[in-house]
Each structure stands twice: as C-alpha cells, then as structure tokens.
1. Along the Cα→Cβ direction, 7 angstrom out, place labels at A:Ala197 and B:Gln25. What is the inter-label distance in nm?
2. Expressed as an acute angle from 0 to 90° and rounded to the nearest 10, what is the orientation of the C-alpha long axis of helix B:105-118 relative to the principal long axis of chain B?
3. From the residues A:Ala182, A:Leu243, A:Ser8, which one has its Cα farthest along the dipole of chain A in the positive direction, the dipole being from +1 and -1 charges on Cβ of Lys/Arg and Asp/Glu about the Cα centre?
4. Along the charge dipole of chain A, pointing to its positive end and built from +1/-1 on Cβ of Lys, Arg, Asp and Glu, which listed residue (A:Val527, A:Ala133, A:Val464) has its Cα farthest out?
5. Return the lysines within reach of A:Lys433: Cα separation strictly under 28 angstrom, same-chain partners fewer than 8 residues apart disregarded; answer none if there are no such residues.
6. Describe numerically, in nm with one decimal, the distance between label points set 7 Å from Cα along Cα→Cβ at A:Leu68 and at B:Ala209.
7. Along the Cα-to-Cβ line of B:Met1, 7 Å from the Cα, sits a label point; which residues in region B:35-73 have backbone N less than 13 Å from it?
8. Distance from a point 7 Å along Cα→Cβ of A:Ala176 to each backbone N in region A:185-209: keep the residues under 12 Å and list them by number.
Amino acid sequence: MQRLTARSLALLPLAFLAVLLAAPVLRLLAEGFGTGDLGGGVVPGEPLRWLALWQDDYLRWRVVWSFLQAAITCVLALLLGLPVAWVLARREFAGRALVLRLLMLPFVVPTLVAALGVLALWGPRGWLGAPLAEAGLSLEETPWLLLYGNLFFNLCLVVRAGVDALEQVSAPRVAAARTLGATPWRAFWRVEWPSIAPWLASALCLVFLYCFSGFGLALILGGQRYATVEVEIYTLVAYELALGPAGVLAVWMLGLTGAVALGYAWLERRLAAPGRVTPIARTRPRGALQWLAVWAAVAVLLLVCAAPLIAILGHAARAFWQGQGAAVLAEPETLAALWNTLRFTAMALTLATGLGLSHALAVRAIDSAGAVRGASAAQGAWALGWRTAAYLPFVVSPVTVAFGLLLLYPSWTASLALLIGAYALLAYPFVAKSLMAALDNLPANYAQAAATLGARPWRVLWRVTLPLVGKALRRGMAFAAATALGEFAVTLFLSRPEWTTLTTLIYQRLGRPGGANLDAALVLACVLMGLALLAFTLIEGPSDDADPATKTRVG
Amino acid sequence: MLELRDIHKQWDHRPLLAGVSLSVQAGETVALLGASGSGKSTLLKIAAGLEAPDAGTVWFDGVDITELPPEQRGFALMFQDFALFPHLNVVDNVAFGLVEQGVRKAQARERARTMLQRFGLGAHANSRVWTLSGGEQQRVALARALITQPRALLLDEPFSALDATLREQLRGEFRERIREAGIAAILVTHDEAEARAMAQRAWGMKDGALVPLW
C-alpha cells in the first residue's frame, strides 16, 4: 500500500522532470556532442569536435572567466562573511535578530533588481559611480560590477551558513581546549574551524554554482568582456542562431556544474544529522574593540547587501518626486507587464505547490515503507535518488533548461503551457526542499496515532500532516513565488512579445537609450522588489508564528 | 479476544519475531517485557496494523484482521511520547477520534469535555498540549485513546517519559480506567515493577520468541 502510494505520488513530478528537464537536457547533449561545430563548418557525427572549444580563444576566455568570477566571489564571500558570521553567532546586541532576518532579503530579491541596484550605486549615473566617473575612474567594462553583484547575493548565504555552523560548535569542546592552554585564536583554529569548515565548504559550493551558472547579473553587469558562458549561450541562440556552438557550451556547463553539484551533495550527506550540542553562549560586546567588530560587521552587510536596494529606492523616489515615476506606472506596457507577472506567478505557484507536495510526500512514503520493512539497498538507492531529484532543477541553469526546451519542442516555444511549466520547474524545488526537511523532522507517531484513532490516509494528511508542516509549506511557496516573480532567463527564451513581464520590460528599458529609460527601469525594479517582498511576506505569514511541529512533546 | 498467531518479522535481514503467538481476553492486561530492540514495540505495531507481519495473522473475536488498515481495527495505541497533536488544543486532541468516526465536531467536543472532566483535566480543555505537565499530557493521551471506546488498548512504554513518583501515581489510575473500560490491553514495558502493577499476565521477549514470566 505504502509502495503504491509512493509510486502514485511520485508519478506527477517524475513525468514533469522527464518532460521538462531530462528530455531537453538529453536533446542538448545530442546537439552538443553530435554537431560539435564551433563555427568553422558543420561536421555532423564528429563528436570530438566539441573539445575544440578549448582551442577557440574567445570561447575559452568565456569559460575561464565564468570559472574565475565564481571562484573570486567564493574567496571574497568567505573573507568577508566568516568574520561577520562569527560576530553574529558570538555577540548579543540590540537588532541582532533583525539583522539575521534581513539576511534573507537577497534570497527574495529578483536578479534583475539586484543588477539595477548595483547600477544605481556604482553605474555611470549611480550615487557612487557618477563621482568616480567624473574623477576618471569608470567602473564600466571592469569585472567589479559583476563581482559586487555576485557578493550582494552570496555574502548573505555564507553569513547565514557560518552562523548556523558556529551555533553547532560544542561549547564544552572549546572550553576543554581553553583549559588545555589554547588561546582564543588557537581554540578557534583547532576546534571551531574544523567543525565549521564542512558547512562553509557546502555553502561555497552553492555560491560557486550560483555564480558560475548565473545569467541575469552577468548579462547586465558583465558588459562585452566580462559576460559569462550563460550569456554567451543566450547570445549565440537569440542573436546568431548558432545552435551548434551554443550546444557545445551548454554541455560543458552541464558537466562542470554537475561536478560541483556532486561535491555539494557529498558534503550535505556528511553534514546530515549533526546531533545535539551545547552551543557557545552569546555575550554582550565588552570594550571598544568588541563594539568595533559589531559595527564593522553591520557596516559590511550595509555596504554589500543593503546599499544597492537603498540606491534603487532612492532613485525611484526621485523619479516619483519629479513626476516620472507615476507616468511609468500608468503606461499600458507597464500595466500589461504587471498583469503578466502576476498571472504567470499565480499559475506557476499553483503548479509548483502541487509538484512540491507530491515530490515531498513521495519521499516520505518511500522512507516510511523502508522504515517499516527495513530498507534494502535498492530501496535505499531509490529513496536517495528520488530525494536528490528535487535538486536537479537547481543544478541545471535556467538558460540550459530554456535552450533545451527550445531545441526539443520548437513548435511549442510560444505556448503558455510550456512557459508556465518552465517557471514551475524552477520554482517547485523550493516547495519540495522545504517540505522534505519539515517531514523529516515530523515524528511518525503523529500519523500513526491518527490512523489508530480511525483516520484514513487522506484524512491523516489533511488533519495532521499538512497542519504540522504548514509553516514549511508556506515558506517553500514564498520562495517559489519570489522565484517566479523574478524569473528572467526562461522568459527571454520562451516568451512572446505580448507576454512581457516586469523583468523583461526592465531589460527592454535598459536597452533603450537615455537617462529617462534608466530611471523607468529603476522604477520598475522598485515595483518588482516591492511585489516580491509583499508576496513573500503574505505567503510566509508572521515570523513569530512558532512552528507547532517543533513544540516540546513531553512536558 | 485479541490474538496474534505465529507472527514472523525480519528486520535488516535478521529475524526479529520468530513465530510469536499471543492472546489477550477482554478485560485482561498482558505485559510484554524485554530489552530495547527485542521486537516488543514491533509486535504492538503489527497488532495495531501499523506494520505488516512477514508471516502470521492477527485475529479479533474470531475474525482475521491481518489485512485491515489501522483506522478500521478499532484499537487505540498509546505512544511512549504520547504523540499528542501539537497543532490542536487539548479538547480537539481528545475529540480527534470521534470526528473520524463521523461524530459532528460540536458534539465530539462536548463529549471530549465531559471525558476531560472525568480525568480531572476540565480546566485544561482549551490549553495547548505543550503547556501541560508530563502527567497531564499522559492523561490526555489516555482520554483520547479511550473516548472512541476501542476494542483493544495497546500501550507502548506509556510511562517511560515520566518521573518515578508520577509513574507510580498514574499506574494505579490507568489500571482502574482500563478495568472500567473492560477491554483487552497489551502493555509493552522494560520495567518489571510496572508490569506487575498493571498486568495480570506477563511474557518476556527474547530472541524473537515469547517466554512466560507469570
């Protein structure tokens, strides 16, 4: 029965992943391996030509730069993020909880908004960029803008991972080290660092993946010289119709991101079930040096993570003050884009929620069946495989997905179903991931108690399981909604002109000449940011709504 | 009468239960004693229908119920950690099973309140379950189990989460309430004193088989 339930639950997401992810990726592989043409003449059936990528200076630079900018971001995020995380994990000060909550902000902000934020701050007309340009220090056509944009998103990720990791450090172990003669620095290096290093490595794998396969930031901030492979794939497909070289690049990207993702999965398995520890208690800062550390940490977060958003708000406020903001909002193309954004998000969110629920409940059913019967090696592999499958859309970049879909279903590319399907594909892992974690932490006893009290499986789900994981479901849906609202790459590939969304409209505005268009783009970015935050807040619900599933069960 | 006939169960390719048979009359409490991992909780879950045996059958009043899902068996299982639903308040926890039996919510709540009064928990009807003490949570769990008038009561180490004084106090209360209900009960425990206080008969679980103790 449980096996049957697991299979029927898995059917929907399995079919979805097969049609919208596996099949397009296989088609892409066929394109990349089969043609292997880099512009010097099509040589079908000569698979080794795909290695020629490394002989082409231009394309080689694209791959090398993609790798370099991701690696540099990792180093910068670690150097800046670890001290900030340490301060947040070890010091107690007013506003600390708020700072930790605000660290979620970049996860909700759409990529294009972040790109606009960087321009509003460091661009030629930006708050800091304009005076620099006047002094002869233009940041355009330098890697700085892209690296800064990368840091905006990823510093918060490293800080959060660092705080979580530092809270897992056992206080008695550090105390033991200190009583054995270690100075605070030696205790950190010899006891704390070995505990937190795997967590940080796992976070840095994610940072690398995000940056390496990033598209929106690189498209807007990279310029000609510092654009990444994903931007190159888009340019080759959309402007040059060179599908062969694009296929070769996509295959390389798939291989490289796959390798990093495997490293990430391996680290995550090592980090599973850390067990209970007595964490090191936070202390109030004492003395000027400790307060300086707190202020420095807050200043770093303000400069990297908050300043671009504040700059957008400032520019948009000025546009509204001058009357231009209201005019932009009243334009028919803005209203159409707003309507498209909202309805696409609603449709994608509905689909993503169904898929995420089915996926997570299937994982739960497989695990329960294994727990009841004693899992065999094959069942264990199936359980692990299905669990990992939820992360596949994270590994394959949106550009790769969109390009694969374009190749596989050319006659469907202007179909709304395919567009919404692609949106849902990118959004549903958030729902599945959040629910899987909540269901893993939910004792099996609740469902068993309900069953022995007469509740049928469907009633157990409705009356017990869903209410207990409701908060996790809402959180997953909030991230899914933010993803759908800010979706950009897939929309560029698969959308029709009348389906312009806020993100594509911002991109169009940026492509038009003149300061007025840049201001309009900033106003639209402000609207998109507000929309993302509103959707996130409304769906996630109040933060102080304690999760009932985590309540103490025995008083 | 609840009967388990020749129950076999493997765990991780090793026999956990090797042909276990047990019968419990209505109004009788039987204790199962054994070390952790000896299979006594698994036997209880097989009786409840939460796990399927590899071989063997479960009978109640002469009817084979092996294939019957747990919600249709009419047994109540009390868990070691009580498994009270944290998203529901005390009265809704107790009323849960009645609602599943098709009783209207308002009526189910009314009956649950009456039950809570009998258990000395009337003042806590609207409280959240995690605000109750361990002993109060235990009573709520028993009230929830008994309100549906189950055909059998299965107790999986119900007192192990409580301190010694409370454990002793509740044993007597539970014995009386089970006797009043007049149903078959199986008590799984590793505490012999508890088994002696609660049960008329006791079996030890060793190497997958039952050994009579008294």
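1. With each label placed 7 Å out from Cα toward Cβ, I get 6.8 nm.
2. The angle comes out near 80 degrees.
3. A:Ala182
4. The one lying farthest along the dipole's positive direction is A:Val464.
5. A:Lys433 reaches A:Lys471, A:Lys551.
6. So the two model labels end up 7.6 nm from each other.
7. Counting backbone N atoms under 13 Å from the label point, the list is B:59-63.
8. A:191
All of the numbers you see were taken from the coordinates with simple rules; none came from a lab. Given the structure is predicted, the values throughout are model-derived calculations rather than measurements. Note that each Cβ is placed from the backbone with ideal geometry, even for glycine, and that neighbours are counted across all protein chains shown.
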